[in-house]
Amino acid sequence: MATEAKRIAVTGAAGQICYSLLFSIAKGEVYGADQPIRLQLLDLPQAQDAVRGVVMELEDCAFPLLKDVSITDDPAVAFKDIDAAFLVGSRPRSKGMERRDLLTANAEIFKVQGKALNEAAKRDARVIVVGNPANTNAMILADNAPDFPRENITAMVRLDHNRALTQLAKKAGVGVEEIDKFVVWGNHSPTMFADWTNATANGKSLPELIGDESWYKDTLIPQVAKRGSAIIEARGASSAASAANAAIDHMHDWINGSNGDWTSMAVSSDGSYGIPEGLMAGVPLICANGSYERVTGLSLDAFQREMLERTVGELVEERDAVAKG
Ligand code: NAD
Ligand code: LMR
């Protein structure tokens, strides 16, 4: 067994996503079954009692890999010497509320956390932002952490990716694991673009296998885009277990590789595909050797360009709205 425990910060520890996420991390689902871990939990002062309750439950699971759990309301303490961070804490959207209404309140949270990350985290720590609006929060975090590698700050579009995989697999009559070269571009919002253009199932073209472009455009794309709202409508609360699962998938693949398959992560744009530099946009990636490589050189058709421009346009609007304050 590896000796040095990995330090993992998790914010929003008293919330509903973390009620699933923390237990999966503690079981070893991110780093694997041989890697001890320490959890450094952050939540607001008024949530500290609830976090203590979650910690009691973590203790009661007797997880062999979980060596220590600390609790704090200070981001600089939570991010001290971390190897990884799951930034989940923020205000979730409730019924009738538009996701973008939360932009300004959350910008403040991520400014403070960016500064703390800059001061306290290991330089090779990997960060995923889950709290909405996740892409713009991740951009603000990176902008406020100038000495921390920007490429190590990412936002989650994996839930959208996973949501689409299931619908595509059902329609094509294949297993989700058989699908490759699918991607979710852009923002984790209703403008996201679930793109099947290059997707394959067992090496065969998925669009050809399904053979129903109107289903793709009129059902699949809007269904994935509005899935978060549909869950809020049905549950009265935003997705939690599936969001936690996607966060684990994202970090697991980043650390352990995606077996040569494409995956979707929002990363800081290098300007490719016309996405303005520095925006955190979902793009196709392949993870290997603890790192990720963008899938480059794709030529986009008119529909893909239109869809990408729409979601990137929204990220630009969010960036500009935050800049205005
Ligand atoms: P929740 O309300 O159950 O929990 C949020 C927790 O964050 C609370 O315990 C709260 O006290 C804490 N918190 C608030 N501000 C904080 C701060 N400044 N520092 C530390 N902790 C803070 O919400 P949830 O259901 O767990 O969802 C969390 C976030 O994840 C929401 O923004 C939600 O919209 C988002 N989400 C994202 C995705 C995605 O795919 N990216 C999917 C589902 C939910
Ligand atoms: C989701 O996709 O389930 C959430 O991001 C929805 C939301 O707005 O909280």
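The values are calculated or read from the model by the stated rules, or taken from the named source; none is laboratory data. Computed from a predicted model, the values in this text were never measured in an experiment. In this analysis, Cβ positions are derived from the backbone assuming ideal geometry, glycine residues included, and neighbour counts consider all displayed protein chains. With ligands, DNA and RNA removed, areas are computed over all heavy atoms of the protein, side chains included. Shrake-Rupley method; radii C 1.70, N 1.55, O 1.52, S 1.80 Å.
Could you tell me which residue of segment 24-50 is farthest from ligand 2 (Cβ to nearest atom), considering only residues that are open to solvent by less than 30 Å² (accessible area, probe 1.4 Å) and touching a Cys at 6+ places or on another chain (Cβ under 9 Å)?
Only one residue tops the list, namely A26.
V322 fails exactly one of the following numbered conditions: (1) in contact with a strand residue (DSSP E or B) (Cβ under 7 Å, 6 or more places away or on another chain); (2) modelled with pLDDT under 95. What is the number of that condition?
(1)
From the list D218, D261, which residue is more than 13 Å from ligand 1 (Cβ to nearest atom), surrounded by fewer than 18 Cβ atoms within 10 Å (Cβ to Cβ) and in contact (Cβ under 8 Å) with a residue 24 or more places away in the chain?
D261
Determine if segment 119-132 includes at least one residue that is at pLDDT below 95 and within 25 Å of S238 (Cβ to Cβ).
Within segment 119-132 (the criterion being at pLDDT below 95 and within 25 Å of S238 (Cβ to Cβ)), the answer is yes, since at least one residue qualifies.
Return the only residue of G211, G175 being open to solvent by 30 Å² or more (accessible area, probe 1.4 Å) and of a type in the set (G, A, S).
It is G211.
Conditions: (1) farther than 24 Å from V30 by Cα; (2) within 16 Å of ligand 2 (Cβ to nearest atom). K111 meets all but one. Number of the miss?
(2)
Give the residues of segment 126-141 that are within 11 Å of ligand 2 (Cβ to nearest atom) and touching a Lys or Arg at 6+ places or on another chain (Cβ under 9 Å), sorted by residue number.
Once the filter is applied, which keeps residues that are within 11 Å of ligand 2 (Cβ to nearest atom) and touching a Lys or Arg at 6+ places or on another chain (Cβ under 9 Å), segment 126-141 yields G131, N132, P133.
Taking the condition touching an Asp or Glu at 6+ places or on another chain (Cβ under 6 Å) and either crowded, with 17+ Cβ neighbours inside 10 Å or not acidic (D, E) (or both), does T200 pass?
Criteria met by T200.
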